[in-house]
Structure formats: structure tokens, C-alpha cells
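The values are calculated or read from the model by the stated rules, or taken from the named source; none is laboratory data. Computed from a predicted structure; not experimentally measured. All Cβ positions, even for glycine, are placed from backbone atoms using ideal geometry, and neighbour counts span all protein chains on display. Each accessible area value is taken on the protein alone, full model and side chains, heavy atoms only, with ligands, DNA and RNA left out. Shrake-Rupley method; radii C 1.70, N 1.55, O 1.52, S 1.80 Å.
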Amino acid sequence: MRIAVSGNTGFIGSHLIRWLRIEKDRYEILTLDKGVFDNAELLDDICQSVDVIVHLAGKNRSANDSEIYSTNVGLSRKLVESLSRTNATPHVIVSSSTQETRNNVYGNSKRDARNIIAEWASTHNAKFSGLIIPNVFGPFAKPFYNTVVATFSHQLVDGQLPKIDNDALLQLIYIDELIHFIINVINQGIIGEEVIVPFTKEIKVSELLKKLETYKDKYLLEGELPDLATKFELNLFNTFRSYISLDAFFPKPYKVNQDNRGIFVELARIGMGGQVSFSTTVPEITRGNHFHTRKIERFAVISGKAKIELRKVDEEHKFSYVIDAAECPAYVDMPIWYTHNITNMGSNILVTVFWINEPFNPLDGDTYMENV
């Protein structure tokens with residue numbers, strides 16, 4: 001299935017592409033970036049060659065309200081003009097927002113942009129899905145732009161004091177939940193001018209901030225993995241820790257308690273369950289080269305010398321940490337969507353303890369192979 005995605009570098013678009021690429025044998029992905037929209041010939045070529053267009057591009061915020069409206073409506077018009085020129089009728093899926101009913105510039109622009117494509121679909125007998133999406137949160141969202149969750153997380157990690165202007169009741173959906181909804185719309189061919197995407201969590205802004213402050217106190221300052229009793233709390237914690245600087249925070253040295261008997265080191269203080277395991281690795285051998293989309297994992301080097309590498313999926317920059325347990329035993333926690341590995345850099349056996357927040361399930365392993 002050939003799928004074109006606009007807004008591919010944005011918050012929702014980049015997550016959608018990552019998930020589609022996991023099933024690379026099933027989907028072929030093309031991107032509709034700004035350069036494509038500004039090139040009618042190129043836009044025409046793509047529109048008439050794909051099965052599905054997921055139109056996510058748009059502007060959320062600007063100092064100039066008219067720029068928000070003209071951008072969002074203008075992109076829809078360019079898309080419809082191309083589809084009309086080429087007589088192409090792919091399944092078009094458009095993202096809109098629950099803010100459509102709030103009579104603000106952003107909501108009005110999303111409503112009108114959706115209606116432009118809905119009218120084209122009606123007159124051309126084409127499949128159309130207008131997604132009405134609630135507030136979306138998740139890792140890698142832009143602070144002060146996409147969501148208050150991103151803003152609060154960034155501020156707390158950066159040592160700033162978040163401020164609540166309006167203690168509203170938020171209706172939220174986690175980014176992976178939204179992406180799975182969109183992929184289901186693609187696969188099932190679900191259509192409708194208003195396809196309501198249900199929110200999965202209601203929470204007041206003050207309660208949300210309190211949870212994030214707990215993550216800062218427990219995890220960032222004390223090194224403790226907090227109790228994550230619900231799926232929402234796991235998703236919120238994974239979002240929070242995506243704003244931690246990997247260069248500044250890891251590797252995290254352990255407190256070593258030593259006396260005449262030897263040493264004692266607490267590997268992890270954990271407020272939840274999970275699976276603890278250990279491995280031995282012979283010199284020059286590498287383990288891992290995979291990533292997770294939801295799991296929290298800790299690599300604790302307790303004997304030997306190791307190099308731990310991480311790379312965010314679809315990016316080139318690598319983070320590399322060398323840990324010599326004889327000098328300073330330390331750990332690194334693996335962020336979601338970062339492929340990672342560990343290599344024995346020493347001449348002796350490397351011993352590593354692994355903790356992960358859920359036991360391995362071969363039917364749902366959440367483990368995807370990709371070399372760092």
C-alpha cells in the first residue's frame with residue numbers, strides 16, 4: 001500500500017511514519033513536505049500514484065492569526081487542486097481538532113480545511129476521513145507548541161517552575177493510541193466527514209502537573225523508578241523522560257558502599273514490578289541492536305568494561321557511553337524509540353544486570369531489531 005504523509009516532520013506525522021516503517025513490507029511511504037506543496041508537478045505525481053493520503057500538515061500557533069488560517073486552508077486547497085487536476089481519488093485522511101467548536105482561529109481553520117477536502121471527496125466519489133482529534137501528548141512533542149504535557153515536562157527537566165493559567169479539565173489521547181487509530185482507518189477503509197477520535201484520559205491540569213512533579217522528584221532527583229499503576233501513567237512517564245538530556249544525565253553513577261568485606265550497590269529502587277535478568281558477554285561481542293515503543297529498560301554494568309550506544313530511530317546521531325565497573329559502576333536507562341546496544345570493551349567477561357518494566361511476552365515483545 002502506497003501512503004503519502006504530509007506534516008511528516010511534525011509531532012503526529014513523524015510518529016505515524018515510524019510505526020508504518022515497522023511494517024515496511026506492508027507499506028511504502030512518500031512524504032508531502034513544504035517543497036512538494038510548492039511544486040504543482042511534483043504534488044500531482046504523488047497524488048496520482050498513491051492509495052492513501054494522510055494530511056497532517058498545518059500550523060498550530062503563530063504571532064499572526066491570519067497566518068494560521070491561511071496556512072491550514074491553503075494547504076487543503078493545494079491538495080484538492082492537485083487531486084482535481086489529476087482525477088486521482090485516493091483515500092484522503094485529514095486531521096482536525098476538537099477545537100473546531102471553540103470559535104478560535106486554529107479551530108476555524110481546521111474545520112474549513114477539512115470541509116474543503118470533504119466537498120472534493122463528495123463531488124468525486126472518493127473516500128474521505130475527517131478525524132476530529134482531542135489533545136494529543138507523547139514523546140518528542142514541541143514544548144510551548146503541541147501540548148501542555150510537553151511544556152511542563154520540558155520546564156521541570158530544565159529546572160523551571162511551570163505555571164497554570166487555567167486549571168481546565170483536559171481530554172487526552174496518547175500519541176501511540178492515535179497512530180493505531182489512524183492505521184486502523186487506513187487498513188479498514190473507515191470513512192466519514194467527522195470521524196471522532198475518542199479521548200482516553202480526562203485529567204485536570206493541576207493533577208497532571210502534580211504527576212509530572214512526582215516523576216521529577218522520584219526519577220530525576222532520586223533515581224527511583226516511580227510506581228506506574230496505569231497505562232496512562234506509563235505513557236506520561238515515557239513522555240516526561242523523553243525531555244531528559246541523554247548527554248547530561250547518563251551514565252548515572254551508582255552509590256558504592258564499601259567496607260572491609262567489599263562493596264554493596266543498590267541497582268534500582270523500583271515502585272513497580274517487571275523482570276530482572278543478567279548477562280555475561282565475552283570480549284568484543286555486542287548485544288542488543290533493538291528498540292522498544294513502550295518499555296522502560298535499565299542497563300546496569302556491574303563487572304567489566306562496556307560501551308553502550310543509543311540512536312533515535314530515523315536519526316543519525318549516536319549517544320555513546322563507556323562504563324568501567326571497576327572504576328565506577330553505572331547505569332543507563334533506554335528511552336523509547338531509541339535503538340540501543342551494549343559491547344564488551346574489556347579483556348574480561350562483562351556482567352550486566354537488566355531491568356525491564358514488563359516480563360517478555362513472545363506474542364507482544366515490543367522489541368524491534370535495528371542496528372545502532
Val322 - would you say it is open to solvent by less than 30 Å² (accessible area, probe 1.4 Å) and either among the aliphatic types (A, V, I, L, M) or closer than 16 Å to Tyr368 by Cα (or both)? no
Got at least one residue in region 287-297 being surrounded by fewer than 19 Cβ atoms within 10 Å (Cβ to Cβ) and more than 20 Å from the chain's Cα centre (by Cα)? yes
Looking at (1) out of contact with any Leu (no Cβ under 9 Å at 6 or more places or on another chain); (2) closer than 21 Å to Lys210 by Cβ; (3) surrounded by fewer than 16 Cβ atoms within 10 Å (Cβ to Cβ); (4) not polar (S, T, N, Q), which is the one condition that is false for Glu119? (2)
Those residues that are among the β-branched types (Val, Ile, Thr) and either in contact with a Gly (Cβ under 7 Å, 6 or more places away or on another chain) or over 19 Å from Ile164 (Cβ atoms) (or both), I need them from region 134-154; list them, please. Val136
Scan region 200-239 residue by residue and report those that are among the charged types (D, E, K, R), within 20 Å of Glu266 (Cα to Cα) and open to solvent by 60 Å² or more (accessible area, probe 1.4 Å). Asp217, Lys218, Glu222, Asp227
Can you tell me which residue is most open to solvent (accessible area, probe 1.4 Å) among those in region 158-199 that are in contact with a Leu (Cβ under 7 Å, 6 or more places away or on another chain) and more than 13 Å from Ile132 (Cα to Cα)? Ile164
Would you pick out the residues in region 326-354 that are open to solvent by 10 Å² or more (accessible area, probe 1.4 Å) and over 25 Å from the mean Cα position of the chain (by Cα)? Ala326, Glu327, Cys328, Pro329, Thr343, Met345, Gly346, Ser347, Asn348, Ile349, Val351, Val353
Determine the pairs where a residue that is more than 14 Å from Asp333 (Cα to Cα), located within region 291-310, has a partner that is of a type in the set (Gly, Ala, Ser) and open to solvent by less than 30 Å² (accessible area, probe 1.4 Å) with Cβ atoms under 8 Å apart, the partner being 6 or more residues away or on another chain. Ile302/Ala325; Ser303/Ala325; Gly304/Ala325; Gly304/Gly346; Lys305/Ala325; Lys305/Gly346; Ala306/Ala325; Ala306/Gly346
Among Leu131, Leu83, the single one that is over 28 Å from the mean Cα position of the chain (by Cα) and surrounded by 23 or more Cβ atoms within 10 Å (Cβ to Cβ) is Leu83
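Residue by residue, here is whether (1) open to solvent by less than 20 Å² (accessible area, probe 1.4 Å); (2) of a type outside the set (A, V, I, L, M); (3) free of Cβ contacts under 8 Å to residues at least 60 places away in the same chain holds:
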residue: Arg2; (1), (2), (3): no, yes, yes
residue: Leu30; (1), (2), (3): no, no, yes
residue: Asp51; (1), (2), (3): no, yes, yes
residue: Lys78; (1), (2), (3): no, yes, yes
residue: Ser95; (1), (2), (3): yes, yes, no
